[in-house]
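J.: Let me begin by handing over the structure; questions about it come next.
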Amino acid sequence: MNSSAAPAAAREALRRAVRVVVFTGAGISAESGVPTFRGAGGLWKTFKAEDLASPTAFGRDPRLVWEWYAWRRETVGGCRPNAAHLALARWILGRAGVTLVSQNVDDLHERAAREAAGEGGDARRAEPLKLHGSLFHDHCTRCPHRQASSPVDAASVATLPHCPECGGLMRPDVVWFGEMLPARPVEAAFAAAAEAEACLVIGTTGAVYPAAGVVHTAKASGARVVVVDPGETEFDALADVRLVGPAGEIVPTLLK
């Protein structure tokens, strides 16, 4: 498609769709300063994220893993939703039939939803189905207890967060390498994709499965696929419209 015609085609696809699934990845939050797993920004001390985000790493040295997550929480807590997060939240709150699905564990979509909804507004409609969990929640390694995060003292194993119900060691409520995705948000995401007439993909290369299957399901079900990303993605061959550039620049204009 001619590059000059692409924005209009993308807007028309989204306008005509009764049901839309939006699928976001690390790229949308990287523009807010959230470090990504890969590349120079994905390193912490001398460790790669892939060497820390696993049950094996936690079993070997939970103090080290918790130290990393405490650093991540502090870093992400200092970031703010960018123009793409905010435009997306306002757009979802302003129309029906949109399901937001995110691979991100940060809380920037949620914060954007609260800002867009304002005092007394229902921000929940613009909050995402989180396929990989939440950086700001913990769950017990021994029982089903989950809770919002609190400050972490990683000085020793004894000072790490422990479950108020059973005393078990708590861990970040995120999906680590080799673990299954949470069933409820996954089922809801794929159900929305199967009914979608348009699929807006923002800031993801599409390299992580099974999450990336959401976009493939939408395409197989007849949805028009719009991809927004500054680089090449695994979804390019599926895209009906490809918009090249930063989400913070493209998404606000696209969703006007």
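The values are calculated or read from the model by the stated rules, or taken from the named source; none is laboratory data. Everything numeric here is computed off the predicted structure, so don't read it as measured data. Note: ideal-geometry Cβ built from the backbone for every residue, glycine included; neighbour counts use all protein chains shown.
J.: Which members of region 207-226 meet the condition of being closer than 20 Å to I28 by Cα and touching a residue at least 60 places away in the same chain (Cβ under 8 Å)?
T.: V208, A211, V214, V215, V226
Results for (1) over 30 Å from L255 (Cβ atoms); (2) modelled with pLDDT of 95 or more, shown as yes or no for each residue.
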residue: T24; (1), (2): no, yes
residue: G33; (1), (2): no, no
residue: K48; (1), (2): yes, no
residue: A53; (1), (2): yes, no
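J.: Let me ask another. Being surrounded by 22 or more Cβ atoms within 10 Å (Cβ to Cβ) and closer than 21 Å to F190 by Cα is the filter here; which residues of region 81-98 pass it?
T.: Across region 81-98, the qualifying residues are L88, A89, I92, V98.
J.: Would you please name the residue that is farthest from V214 (Cα to Cα), looking only at residues in region 106-120 that are crowded, with 22+ Cβ neighbours inside 10 Å and touching a Pro at 6+ places or on another chain (Cβ under 8 Å)?
T.: Restricting to residues being crowded, with 22+ Cβ neighbours inside 10 Å and touching a Pro at 6+ places or on another chain (Cβ under 8 Å), the top hit is A112.
J.: Going by what's in this entry, would G133 be described as small (G, A, S) and modelled with pLDDT under 95?
T.: no
J.: In region 246-256, which residues are in a loop (DSSP other than H, G, I, E, B) and farther than 11 Å from I28 by Cα?
T.: Hits for region 246-256 are L255, K256.
J.: With region 97-199 as the region, which strands (runs of 3 or more DSSP E) entirely inside it contain at least 2 residues that are among the hydroxyl-bearing types (S, T, Y)?
T.: By residue number, 98-102.
J.: Could you please give the count of residues in region 202-235 that are acidic (D, E) and not in a loop (DSSP other than H, G, I, E, B)? Can you show your working first?
T.: Residues of region 202-235 acidic (D, E): 229, 232, 234.
If we keep only those that are not in a loop (DSSP other than H, G, I, E, B) as well, we get 229.
Total satisfying the criteria: 1.
J.: Sort out which residues of region 3-16 are surrounded by fewer than 20 Cβ atoms within 10 Å (Cβ to Cβ) and either touching a Cys at 6+ places or on another chain (Cβ under 9 Å) or within 15 Å of K219 (Cα to Cα) (or both), and write them in order of number.
T.: If the condition is that a residue be surrounded by fewer than 20 Cβ atoms within 10 Å (Cβ to Cβ) and either touching a Cys at 6+ places or on another chain (Cβ under 9 Å) or within 15 Å of K219 (Cα to Cα) (or both), then no residue fits.
J.: Return yes or no: is T141 touching a residue at least 12 places away in the same chain (Cβ under 8 Å) and of a type in the set (S, T, N, Q)?
T.: Against the criterion (touching a residue at least 12 places away in the same chain (Cβ under 8 Å) and of a type in the set (S, T, N, Q)), T141 qualifies.
J.: Could you run through region 218-256 and say how many residues are of a type outside the set (G, A, S), within 18 Å of V101 (Cα to Cα), within 18 Å of the chain's Cα centre (by Cα) and surrounded by 18 or more Cβ atoms within 10 Å (Cβ to Cβ)?
T.: 7
J.: Among T204, T233, which is assigned by TED's automatic domain parsing to the domain that holds E12, in contact with a Phe, Trp or Tyr (Cβ under 9 Å, 6 or more places away or on another chain) and β-branched (V, I, T)?
T.: T204 is the lone residue from the list that is assigned by TED's automatic domain parsing to the domain that holds E12, in contact with a Phe, Trp or Tyr (Cβ under 9 Å, 6 or more places away or on another chain) and β-branched (V, I, T).
J.: State all residues of region 71-121 that are without any contact (Cβ under 8 Å) to a residue 24 or more places away in the chain and either over 26 Å from D138 (Cβ atoms) or in contact with a helix residue (DSSP H, G or I) (Cβ under 6 Å, 6 or more places away or on another chain) (or both); if no residue qualifies, say none.
T.: Answer for region 71-121, where residues must be without any contact (Cβ under 8 Å) to a residue 24 or more places away in the chain and either over 26 Å from D138 (Cβ atoms) or in contact with a helix residue (DSSP H, G or I) (Cβ under 6 Å, 6 or more places away or on another chain) (or both): G94, R95, A96, R114, G118, E119, G120.
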